[in-house]
1. Arrange the residues CYS238, CYS247 by how much accessible surface each exposes, largest first, with a 1.4 angstrom probe.
2. Taking Cα centroids, how far is the range 219-294 from the range 326-386 in Å?
3. In whole Å, largest first, what are the principal axis extents of the Cα atoms in the range 84-135?
4. I need the phi-derived Karplus couplings for the range 288-298: 6.51 cos²θ - 1.76 cosθ + 1.60, θ = phi - 60°, integer Hz, Gly and Pro marked x.
5. Just check the range 136-181 against the gyration tensor rule for me: Cα atoms, a ≥ b ≥ c as the square roots of the eigenvalues, rounded for a/c under 1.5, and otherwise prolate or oblate depending on whether a/b exceeds b/c.
6. If the limit is 25 Å between Cα atoms, which of LYS322/LYS389; LYS293/LYS365; LYS153/LYS389; LYS293/LYS352 go over it?
7. Give the ranking of ARG271, ARG236, ARG173, ARG332 by solvent-accessible surface, highest area first, calculated with a 1.4 Å probe.
8. Once the cut-off is 25 Å, how many percent of the Cα-Cα pairs in the range 240-345 end up in the long-distance tail?
Amino acid sequence: MTYLTHRLPTNWIACLLLLVAGWGLSDQLPSAAAQDALAPGDEGYSAPIESLDEDSRDKVYTSPQSILADFFGRRRAGMLVNGLEDLVGITATGLSPLMVLSIASPVVYFLTEPDRRGELIFLYQPWFFIPIILVTLLMAFKDTVLTFASYLKMPLDILGILFHLIGFLLGFRLIYHFLDINLGAEGGPLGTVLTVAIIILMFAFYTSVWVLSNVFEVMILINPFPLVDTFLRVSRICVLLVMYLACWIHPALGGLIALPILIISLITFERSLRTMLLGFRLAVDVILFRSDKVEEDAKQLTAFASLGGTLPWMTLGKLIKKDDTWTFAYRRFSIGPTHHIAITPGPYVIAKGSLFPGLLTQTEKGAQLVVRFPASYRGREEALAAVFKTSEIQDFRLSTMAKSAWNTVWKSFFGRSPKPDDLASE
């Protein structure tokens, strides 16, 4: 078992390099075999690429890759090159499906000849990509301009998770389109099986990258501090732009960026999946206005681990009390065996958050976060304090923290706390 664990990353890299060449080859073999069987003048015969380049009106753009190869005058061929370009497309779409669509769709539409635009699939039609662009701009607006307005931003964070899920479903259609694999090609039963297997594998890679990117959306949702969401959004946009720019220079450069992202998504898939399930649970609680009752003698409470600490990060689980000891219980993939981890002993402090209450423990360095509770426990801080046998409830809402910081600054300058009249004059 130890041998397999140490060999896993190396084996993944070797397999991925072979698959890159494989799905690039799959783009060429069926069509090449069919063309070799036809002669000029036969029905179904199509001219070589060189002939198509002479008449740009015959071109219907199918993907960002075709624009990179044709519009910029850098048409490339070869199974490895095609595979690397598809790898970049799959990785970029997995990182942010709606952003890829909001950029690629209008570019494809306007670069296509007006009399050929009707042949484009629905992803490249104005009635589809205009709302997608508006949604993308709204998400960028909430993570930049509204980063300090937590109460205005919170509903949009929930919508961000839902839109990211919608983009995930649309991404399957986009990937199938730019892979440009013909299931009906004359390749025989073996060719059909190979084609279907490659499509399924590419969808699996896309899903893995999307689950990893969804971690950013969940972190934006539960993050209580301003500018962190701005950094997460901008960094993901920068990765996409740099990856596509590198692919335009040469597909191998784009592949050097896309391949590590894909490998990381595969290695961390189980952890990312736990974070995804956490995000869906938190979003559902807010959308449905769920409210859980808390009994004074409760032995089990729903909670989730945040970043830091000894508990598995960004994981939804249960706080279970047994023999006066609280443990955090969670399951791998939501169906595996239950793991129990004892949490830090008290004394405890209940934190009142803007949306998610928290459980803190007093240490020599001050209060440290142990777990947080879903929004269904919001407003139940007094009941939670009774469960954990504490009377101390601290207010960690962003508005309260900002007011406290303002009082500290005011006192450092004027030697006293601001009076209500001072605040009113401001």
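1. Values: CYS238 65, CYS247 0 Å².
In descending accessible area the options line up as CYS238, CYS247.
2. Comparing the Cα centres of the range 219-294 and the range 326-386, I get a distance of 24 Å.
3. Principal-axis extents of the Cα atoms in the range 84-135, largest first: 32, 27, 14 Å.
4. Going residue by residue, I get 8, 6, 5, 9, 9, 6, 10, 7, 5, 9, 4 Hz, with x marking Gly and Pro.
5. Details: a/c = 6.43, a/b = 2.94, b/c = 2.19.
Because a/c hits 1.5 or more and a/b exceeds b/c, the range 136-181 counts as prolate.
6. Numbers: LYS322/LYS389 15 Å; LYS293/LYS365 33 Å; LYS153/LYS389 34 Å; LYS293/LYS352 16 Å.
With Cα atoms farther than 25 Å apart: LYS293/LYS365; LYS153/LYS389.
7. Values: ARG271 135, ARG236 15, ARG173 85, ARG332 110 Å².
My answer, sorted largest first, is ARG271, ARG332, ARG173, ARG236.
8. On the way: 2339 of 5565 pairs.
Counting every Cα pair in the range 240-345, those more than 25 Å apart make up 42 percent.
The values are calculated or read from the model by the stated rules, or taken from the named source; none is laboratory data. Please read these numbers as outputs of a predicted model, since none were measured by experiment. Only protein heavy atoms, including side chains, enter the accessible area calculation; ligands, DNA and RNA are left aside. Shrake-Rupley method; radii C 1.70, N 1.55, O 1.52, S 1.80 Å.
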